[in-house]
Structures are given as structure tokens and as C-alpha cells.
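Have a look at the structure below, then the notes.
The values are calculated or read from the model by the stated rules, or taken from the named source; none is laboratory data. Note that the coordinates shown come from a computational prediction; the quantities given were computed from them, not determined experimentally. Here the Cβ positions follow ideal geometry from the backbone for every residue, glycine too, while neighbour counts run over all protein chains shown.
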Amino acid sequence: MTHVLKIENLHVSVGDKPILRGVNLTINHGETHALMGPNGSGKSTLGLAVMGHPGYEITEGTITLDGEDVLAMAPDERARAGIFMAFQRPMAIPGVKMADFLRHATTNVRRPDRKEGEELIPMREFRKELKEKMEHLRMDSEFARRYVNDGFSGGEMKRAEILQLAMLQPKFAILDETDSGLDADAVRLASESIADIGHQKMGLLIITHHDKLLEHNPPEFTHVMLGGRLVETGGPELAEELHRHGYDRIRKAYPDAAAANEEMLGEETEEALA
Amino acid sequence: MSQTTSLAWDPAGFDALLASQSEPDWLTTLRREAFDHAQAMQWPERRHEEWIRTDIRMFQLGKYGLPVLPTAEPTPSVQDAPHQLVDGVKLGGRIETIDSCITQSSLDDDLAAKGVVFGSLSEIAQSHPELVRPYLFTAFDPDHDKFAALHAAFMTGGQFLYVPRGVVIDRPLHIGSILTDGGTDTTHTLIVLEDGAEATVLHESNSTDPKAGGLHLGSIELIQKAGSHLRYVNLQEFGHKAYHFAQQKAIIGRDCTLQWTLAAMGSHLSKVNQSVDLVGAGANSQVNGVMFTEGRQHLAYHTQQYHRAESCRSDFLYKAAQQDQSRTVWRGMIKVDPEAQKTDGYQRNDNLILSHSARADSIPGLEIEADDVRCTHGSTTAQVDEEQIFYARCRGFTRKEATRMIVTGFFQQIFDRITIESVREALGAAIARQVREYE
């Protein structure tokens, strides 16, 4: 059976402010989708809503995974069902070693029925797998002993997210700007790693501003988000066009969405200034 | 304990206590003086700086009897003393007390042969007054307040450790103090390390039941002579209806090291004064503290790092997490005398508040009279971040697992400093037991 993640007519608000205004998106297992759009268009909101962030209220629409109602699941149930997001800004958890965090996470995701307090994956077995994955990603073994994202550079955080993707092997992964804040070499390494781990092995939704990541992970579909809606969908050539020429054509073609986007962006700026 | 209820904290009770002790006259004199002071002293009030944040109006001394006296007939016994610091540890000796009545005391022969003395404070005060008298009440101040004076007058069943010059004890010694429900414990612990001596002492205080009440009026005195090294651990897990009033003080000399790890989990109300006096050049102290409260617990710790000699270092870290409607108070002071040049003092208190009704008061302080010093202090108070919890949940952790992990991680910095594995494990287990079911 091919797994399907289906988002239909999704409306999401933060507080009273509508952010997503009817998003439709179907991702089949093995497909790669690029999600592009100007700042403030709602790309990260889509990811956070799919994961079940408590601050994002679903006011309308559905999300299903193989027909199961994702919206009825708690965030950890979504993770155990096989949905993953690489965070744009992952949280630090001081005092908790990367290896311990991952061992617990990996156990829970691989054994979705595991009850609290039940045994974790045997240490030896886990360490072996982690070591292999880290070598594969050309990560220093010291990394596993560091505290989760604590004092990590931007690049280290993104690589840690990729390592988690590699360990958790989800059915669907949303990669929220996993290539941003990296230098050219690091972008190449991240792109290759993602291609190696996920391309055609998962359903990927790649949120990006760059072309490098998509070069290594050519998308079957490119979606453009503007003002909280997917206004256009195309193939890899659309991603290339947007990368070369920006969003002017899109803004002109969809003035209402562009206006909504401006409004959302304005509010964001006000919040940032407040 | 039923046999003590007829004895009160009054002159008749005091006389009965004196009659039950076979103590040297100098010690009786100390007690009498303290008793007279206690009689004359008022209970602390909230207008006193130390008690502004700690309300003891509900505390009634009269509800508690005197500690079990040695003449009392049945020696209380508790099955399966809930000790945790000793798992897998080869000990050099141990003392067990129940309501400050010593029920067991032992020391390995090889240590005794080297002149180590470890046993009942009152017995040793009688048999070896020259080891006890010069030190008793040199760190502890019986006139500090009424609790201290009462402790000095009524202390029973104390523990004493003496490590002679140059003797290194390679196995930890264990002190286990158990408080029965409604019981009274007035234990005084005195530890003396002569020049170049080394020891590790694991001291834990428990109640027979996590919900038990009772009264602990205690004191710990750690006296270190030049070049001695002490690791001292005290884990306090009194029942959540117990009152705990104590002075815990160290005086450390030239080139000494003291690593003092304290974990305060229990009691309904604690008011503890902990201090380290660095009195010889080059002395080095590290104090690590863990507090974890729940329900309506109130734990107040007033700490001091007192630099009285040059080139000393004091490193202090307390980490506290508060649940439910509980509250912790930490008020710390680094004090530096004019002659204590080249002082290196560090003081930090971090709090993690786990409930909207919990509270942490964190008051660091510096009092510096020397001009060539480096003293830094810091204090943080934060709540568990919902974004952290969400992040962990996106990795498959339940909310409870995520909270537990974040809390454990919060304390990790203390664990990283503890070199004794059984202590790390016991602390980890104590913290894990205390973590609430969050939803």
C-alpha cells in the first residue's frame, strides 16, 4: 500500500489571525514536493499545523494519513504514525544528551504502542546504528554526547535534524528550511544527505529558498504559497523559475493572495517590533 | 514515640534528658547554657530578615515529644531502612539512627587500627573528650536562633567522625537517620579531619513514610584541618509533613578541598543555614545542591560562602525545581573579609518552575571587603518551555516523558559534578520519583 498524506481545505489561525486559508495538498509516499513562497506566506505554519503545534488552531479542513484523522492525534502520536518535521529553529534541551534523546525517540517511533516506562531499544544495538548513521552523515561521534541543540551553531542544528530524520525513518517528512543558514559546503552535504536518506524513500515536503537542495532532490511537484494558499503547482521548472526570477509574476497573477500576504507580513513585522 | 510524649521541652524534660545522658561536665554545661538561652529566646518572626519568606506560625513545638532517650525501653526498629546512597558501595563503616537513637554503629577494623574514630557523639565525648571538645560548636552557633539553642540543649544520638593526620579512608562511611511518623530527631553530626586526612561521608535522612510528619532539629559541623579532603553528601527525604530546622556548617583550612553535595527533597517546611568558612589560604570548596519540591512544601536554604583567608576558591551551584503550590527560598551570600585577597567566588542558583502556583525566591548576595577578588553570581528562574515540550513530542515523546526529560536535563549539570556513582543514581531516582504526572 502506498502511504498518503492528504491535506484538504486547511484553514489555520494563530490567535484570531487567519494564516492558512484553504490549503489542499496530497503527498504520496516516495514523492518529493517543494514548497516555496515569499516570507510570511504560511509555509512554516503548514508544517507546524501538520505536527499539531498547540498554538496553531485548525478552524476548517482535514489532514489524514492513510485515511486516519491526523487532527485527532497528539503531536507524539503523529510522530509515531510516521510524520516528521525538521524544525527551522530546533529547541535546545540542556542536560539531555543527543544519544539519549534519540534512543528514546527512536524507540517510541519504532514501537508506536510502547507504554511509558517500558524498555528502550537495547543500548548496544542503538549505539551501533547511531554510529553508522553518524559516520554516513560525516558527523563527529562527539556530537552524540552533546546536549540536544544546546550551544549548537546553525549548521550543527540542521545536521542534527537530518540525523534525526535518518534515525526515525518517517513515512513523511517536512523539511523546514533545512538548508538555510549554512555555507555552500554545508548546503551540499545536507542536500546529499537528505537525498540519500529520504529521496524516493519517504514523502518529502521541502520548504526552501535555495536551489541546491532541490538540485539533489528534484521535486515531482513545486507548490507556491502566497497569502496562506497554494496558488500554483507545477513541476521542477517552476522551482527553477521562482529561484531565478522571484515572486513578482506570482504576485501579479494573484493580487488577492499577494495583498493577504502583505497584510500577514505587516503584522509579523509589527509583532517583531513590539 | 509514645514513651516520650510525657516529656516536654521544659525544665523537667531537660532534666530528664540530662539524667539519661552519661556526659562529661563540660558538655552538660554547654547544654545548660543553651537551654537557658532557649528559654529566654522568642520564636523567630517574619519581621526578621531570615524569616520574611518563611512562615512558621503553624509550627508548634509542643506537638512533638523529646527525642527518644537512651533509657527508654524499647529500641525503635524500622525494617528495610530506605537507604539509597549505599547501593553497590563498599562501605568502611556505618551508623544508623532512628529518631536520633543509635541502633547500629560499625567501623572496619583496619580503619579503627589507623586511629579513625566513628560512632556515637555522646559516647565519644565521654571516652575521648580531647577529640570532641575542641571542635564541638565551633562551626555551629547555638545562639543563632531559638531552634539552634533548642538543638544544642536537647541534641541526642549524634554521630562523630575523627580522621587522624594523614589517614586516607578509601571507602565511604554512611550515616542513615530515620525519622518515624511524629517522631523527633535532634541529631548533631560532627566530623573532624586532621591535616592531610581524606574521607567520604554519605549521609541520608529519611522518614519511615513519604507522608510522615515529625521534627528534625539538627546540625552538621564539618571541621577540616590543613590539606584535608572531604566529600560529603547529604540527601534529605523527610516525610512531607515533617519540619526540618538545621545549621549545616563547614570550616575548612589551608589547601583543603570540600565537595559538598546536598539534595533536599523532603519535609513540609525546611529552614536550613548552610555555610562554608574558608579559613586557610588556598582552601577550595564546591557546594552542589538539588531541591525538588511538590505539594505545599516550603524549603528555605540560606547559604554562605565565607572567605576569611587569601587565595581561596568557592564554587556554589544550587538547582531547584518546584511543582504544585510548593515554594523554595534560596538566599545566598559570598562574604569576603579584607584579608581574603585573590578570592575566587562563584555562586549560582537556577530554578525551574513546573506549575503556575509554584514559586521560587532566589536572592544572591555579595559582601566584599577585599579589593583584589573575582566574585560572580547569577540566578535564573524559568518555566518549562512549551516549545521544548512540543519539539520533544514531535520526536515521539509523550508530554510526561518530555517533561521528565527536561527536568532531568535541568539537574544534569549537578550530576555532572558528582563523582560518586551511587550518589548520582540515588539522586536520579529521587528526582524521578518526584516528577508529577503532567497533562
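Only residues that are under 30 Å from B:SER207 (Cα atoms) and either modelled with pLDDT under 95 or assigned to a loop (DSSP other than H, G, I, E, B) (or both): list them for region B:126-153, please. Spell out the reasoning first.
To start, the set of residues in region B:126-153 that are under 30 Å from B:SER207 (Cα atoms) comprises B:126, B:132, B:135-153.
Once the filter is applied, which keeps residues that are under 30 Å from B:SER207 (Cα atoms) and either modelled with pLDDT under 95 or assigned to a loop (DSSP other than H, G, I, E, B) (or both), region B:126-153 yields B:GLN126, B:TYR135, B:LEU136, B:PHE137, B:THR138, B:ALA139, B:PHE140, B:ASP141, B:PRO142, B:ASP143, B:HIS144, B:ASP145.
The rows are residues; the columns are (1) surrounded by 11 or more Cβ atoms within 10 Å (Cβ to Cβ); (2) farther than 27 Å from A:ASP66 by Cβ; (3) more than 14 Å from every other protein chain (Cβ to nearest Cβ).
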position	(1), (2), (3)
A:LYS115	no, no, no
A:GLU118	no, no, no
A:ARG127	yes, yes, yes
A:GLU135	yes, yes, yes
A:ALA144	yes, yes, yes
A:GLU156	yes, yes, yes
A:ARG159	yes, yes, yes
A:MET167	yes, no, no
A:THR178	yes, no, yes
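Can you pull out the helices (runs of 4 or more DSSP H) entirely within region A:197-270 that have at least 1 residues that are hydrophobic (A, V, I, L, M, F, W, C) and touching a His at 6+ places or on another chain (Cβ under 7 Å)? Working first, answer last.
Values: elements: A:212-216, A:236-245, A:248-253.
Where helices (runs of 4 or more DSSP H) fall fully within region A:197-270, none carries at least 1 residues being hydrophobic (A, V, I, L, M, F, W, C) and touching a His at 6+ places or on another chain (Cβ under 7 Å).
Every residue in region B:91-130 that is among the basic types (Lys, Arg) and closer than 14 Å to B:GLY176 by Cα, please.
Matches in region B:91-130: B:ARG94 only.
If only one of B:LYS249, B:LYS271, B:LYS211 is part of a loop (DSSP other than H, G, I, E, B) and either modelled with pLDDT of 95 or more or over 16 Å from B:SER100 (Cα atoms) (or both), which one is it?
B:LYS211
Whether any residue in region A:103-123 is in a strand (DSSP E or B), in contact (Cβ under 8 Å) with a residue 40 or more places away in the chain and under 27 Å from A:LEU182 (Cα atoms) is what I want to check. Walk me through it before giving the result.
Of region A:103-123, the ones in a strand (DSSP E or B) are none.
No, region A:103-123 contains no residue that is in a strand (DSSP E or B), in contact (Cβ under 8 Å) with a residue 40 or more places away in the chain and under 27 Å from A:LEU182 (Cα atoms).
Look through region A:8-23, keep the residues that are over 13 Å from A:GLY42 (Cα atoms) and touching a residue at least 24 places away in the same chain (Cβ under 8 Å), and return whichever of them is surrounded by the fewest Cβ atoms within 10 Å (Cβ to Cβ).
A:ASN9
Being more than 21 Å from the chain's Cα centre (by Cα) and facing chain B (nearest Cβ under 10 Å) is the filter here, so list the residues in region A:82-106 that pass it.
A:PRO94, A:GLY95, A:VAL96, A:LYS97, A:ASP100, listed by residue number.
Would you check if B:THR156 is in a loop (DSSP other than H, G, I, E, B) and within 25 Å of B:GLN39 (Cβ to Cβ)? Before you say what the answer is, go through the steps one by one.
Numbers: in a loop (DSSP other than H, G, I, E, B): yes; within 25 Å of B:GLN39 (Cβ to Cβ): yes.
Judged against the criteria, B:THR156 is a match.
Kindly indicate whether B:GLN383 is more than 10 Å from every other protein chain (Cβ to nearest Cβ) and either at pLDDT 95 or above or touching a Leu at 6+ places or on another chain (Cβ under 9 Å) (or both).
So B:GLN383 passes the test.
Count, please, the residues in region A:183-197 that happen to be free of Cβ contacts under 8 Å to residues at least 40 places away in the same chain and surrounded by 19 or more Cβ atoms within 10 Å (Cβ to Cβ).
Looking only at that region, the number is 5.
Can you pull out every residue in region A:64-80 that is touching an Asp or Glu at 6+ places or on another chain (Cβ under 9 Å) and facing chain B (nearest Cβ under 10 Å)?
A:ASP76, A:ARG80
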